[in-house]
Structures are given as C-alpha cells and as structure tokens.
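FYI, it's all coordinate maths here, none of it is from the lab. A quick note: this is a predicted structure, and the numbers were derived from the prediction, not measured. Using ideal geometry, Cβ is built from the backbone for each residue, glycine included, and neighbour counts are taken over all protein chains shown.
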Amino acid sequence: MHSLDRFAETKLAALDGAALRRRLTPTARHPGAVLDRAGRRLVSFSCNDYLNLSTHPTIIAASVAATQRYGAGAGASRLVTGDHPLYDALESRLAALKDTEDAVVFGSGYLANTGIIPALTGKTDAIFVDELAHACIWAGAKLAGAALFTFRHNDLDHLASLLAATRGQARHALIVTDGVFSMDGDLAPIAGLAALADAHGAWLMTDDAHGIGVLNAGHGSAYGEAVPLQMGTLSKAVGAYGGYLCASRVVCDLIRNRARSFVYTTGLPPGVVAASIASLDLIASEPDYCAQPLRKARLFTEALGLPAAQSPIVPLILGAAEAALAAQAQLEAHGFLVAAIRPPTVPEGTARLRFTFTAAHEEADISRLAGLVRPMVAVPA
Ligand code: PMP
C-alpha cells in the first residue's frame, strides 16, 4: 500500500472510532422542505435555504434566462473579462439592502472571508475573533498573519479587556464576529461591539451569512453605518451561491484590488448572479415572507418550552457525537431529516441536533417534530 493511502486509512479509522467520520449522501431537494435521500422521502430541518428561493420559479427563470444570454460560465476572473453586466445590478441591490455605499461580490462566503481579512490586515495588526465564529473567519484571520486574539462568546467585557491590553501594540485592530452564530442561532451584540470598536479605534466586521433575508425584514443582523464591514453569503436565504462585502466605496475598491480570492479566481456564472438579483428583489419587496423562518422557529421553541429562537437556527446540545447521531437516526425513522453536528464543527462535548426553519415548513410538521424531540430536551448536555 502506498504510504499516502496508509496515512489516509489511519486518519479515517481514527475518525470512525470517534464517531466523527463524515459520509456524503446524495440528496435530491424538491420545492418546499421535502427531499429524497437514501431511497427515502424526508421533511428536512437541515437546509439553509431559509426562504426556499433556490426552487422558486421566478428565481429559476431568471437564472435560465441569464445562462441563455451570457453562457454557463464567466470565462475569466472579473478583473479580466469575467465582469459580466449582471454584477453591477447585484452589487447595487446588496448595497441598497444593507444601506452601504457599495458592495463587492465573491465566489462564495468562504472565499469572501479568506480574501477580505488578509486584504485589510497583516503582520503589524491585531484581529479579535469571537470563539464561536465560523471556520472561514478563522481561516481568513490565520491567513492575515496578524496577532490573533479570541474573545469569549459574545463577551463584551472580555473583548474590552483584550483591546485595552493590546492598545498601542498594533497598527490596526479588527474585530470579527458572526452576526447570527451558525451552530447556536444566537445573535452577536452588534450595538455593543460597534461602541467598543469606536471607543478603541478598531474596525468591526460582521458575517451575516444566516441573517440576510431573514432578520429585520430581510436586512439582516447588521446594516447601515454602525458596521463598516458587512460580509455575508448568497448561498442561504438568497438561495443561490456567492459571497459579498457591503462597505464604503473606497473600501470595496481596495478589496477589488487586493483580496486574493477576488483577484485570482473566476467570476460567478451569470445564471447564479441572476438568481441572486431576482432573490434580492423578492426579499426587498416581501418583508412578511422574510419573517416566516423566524416565526416557524419560534413555534418550535415555544412548543418545547425553550427560550424563544433568535434566528431560524435552533440547536439542541446532546453532548457526545454518538448521542447526536442516534437522535438524528431516531428522527429520520419518523420522516424528518435533522443533521447531527459534531466536532470539529462545534466544540468537543457539544455535539448537537441543529434545526433550521424555512418559510415552507408546515405547522403540523413542526408540532409533530416537537413531540418527537420533547423527550430529548431533558437529556443533560
Ligand atoms: N459564514 C458563516 C457564518 C457560515 O455559516 C457559512 C456557511 N456555512 C459561511 C460563512 C460560508 O458561506 P458559503 O457557504 O457561501 O461559502
């Protein structure tokens, strides 16, 4: 056996032994919350397509029309010839929704974070990241090569003490947090973070991947002037694919010049950009529809006597990876898909079921699911 294969086999066996091995399961999604998986039809509570726009006929039609007109691929990096005419429309809609001067679109949210953070900070700077921030924020922060500080989850006092202790030692300080935490569903204290950033002359960046389209009439967890760097994704409530930064015109221009994951990669396919444009038009004109995922999540937390959901994401922490997998299997036997989330996606000992609610969920399904989950809520974390 080749030493590389032996290496891979050993690593996979270790993952297997800890119930941490992942396997792909081909999944065919249908309009609404239904999908086919491993020969079964299930109601999914594990999709980030919060507004079910990825299967919306208007969005699909916009995508098809753009593909027919401009082709299946962009053909080059945006700075060469890949900047097809639809980008401008997408960036101006994002800037309007977020109430910023400008916006710049990336190939994905992951690419956005790994491009933006190192474009703005380097060796002489300091970055402060919430301990539960998304993996691609950490990836961007590590790539930047700046001094990296972790503050306790949503702990403004801890962040303030770190900022004070490092004052004068770095040229620039950047604070980065999720706006909605992807595995916990809680919200960052944006007003407090913005005040701290102001007090310390630091720059604040939020990742609104799970907020855009679903919180505050679709504007997301952060918008307007308080947060100068508003990053997010087009792959969740917007129902398509891509990442973005909403910021001032001059900052967006710098990013177009310096973010390596913008400069050195092919632009998004025209059909994907057109889908996002159509989705953002719908989001801007349908605030009541945008409120549905959170309303559905609250029906669920209310039925279980849990604190009211703050976002369409509701975690149920079960502890061991095996426990989370067993709970997933139990719900699957009743026709529900709720994916177990295990380390390293979440901290050791906090494996969980992660329920995500979408506009399409039927109230009867939510209440049947709550009935099945009720006995699990008593399980200590
Ligand atoms: N940030 C957060 C908070 C996320 O949850 C995700 C998606 N898992 C991303 C960024 C990455 O976005 P994308 O899927 O567009 O790469």
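With +1 on the Cβ of every Lys and Arg and -1 on the Cβ of every Asp and Glu, and nothing else charged, how large is the dipole of segment 57-285 about its Cα centre, in debye rounded to the nearest 20?
The calculation lands at about 720 debye.
Just report the Cα centroid separation between segment 245-296 and segment 308-342, whole Å.
Segment 245-296 and segment 308-342 have Cα centres separated by 30 Å.
Could you run the Karplus curve 6.51 cos²θ - 1.76 cosθ + 1.60 with θ = phi - 60° over segment 31-36 and give me ³J(HN,Hα) per residue in whole Hz, x for Gly and Pro?
Each residue's phi maps through the Karplus curve to give x, x, 9, 9, 8, 10 Hz.
How do L159, L42, L15 line up, fewest other C-beta atoms within 10 Å first?
Ascending Cβ contact count within 10 Å gives the list L15, L42, L159.
Could you tell me the relative contact order of segment 57-285? Use alpha-carbon pairs under 8 Å, at least six residues apart, and round to a whole percent.
32
If you build a Gaussian network model of the chain, linking Cα atoms that sit under 10 Å apart, which residue out of R78, R352, R22 swings the most?
R22
Collect residues whose amide H, placed 1.01 Å from N in the peptide plane, falls under 5 Å from the amide H of I175; neighbours closer than 5 in sequence don't count.
Those lying under 5 Å, H to H, from I175 are F128, W203, L204, M205.
Given the -39500 (n - 2.57) contribution per DSSP H run of 4+ residues, what per-residue ellipticity at 222 nm results for the chain, rounded to the nearest 500 deg cm²/dmol?
The helix contribution divided over the chain gives -13000 deg cm²/dmol.
Show log10 I(q)/I(0) for the chain at q = 0.06, 0.12 Å⁻¹, two decimals, from a solvent-free Debye sum over equal Cα scatterers.
Summing over Cα pairs of the chain leads to -0.24, -0.98.
Taking each pair of distinct Cα atoms in segment 133-188 once, what is the resulting Kirkwood hydrodynamic radius in Å?
It is 12.4 Å.
Name the lysines eligible as straight-distance cross-link partners of K296: C-alpha to C-alpha under 17 Å, and not fewer than 8 places from it in the same chain.
Output for K296: K236.
Would you order K236, K98 from fewest to most other beta-carbon atoms within 10 Å of each residue's own beta-carbon?
With the sparsest Cβ surroundings first, the list reads K98, K236.
How far is the Cα center of segment 187-217 from the Cα center of segment 88-153, in Å?
12
Within the chain, what's the longest stretch lacking GluC sites (Glu not before Pro) that sit in DSSP loops with no more than 16 other Cβ atoms inside 10 Å?
No qualifying site falls inside 226-347, the longest such stretch.
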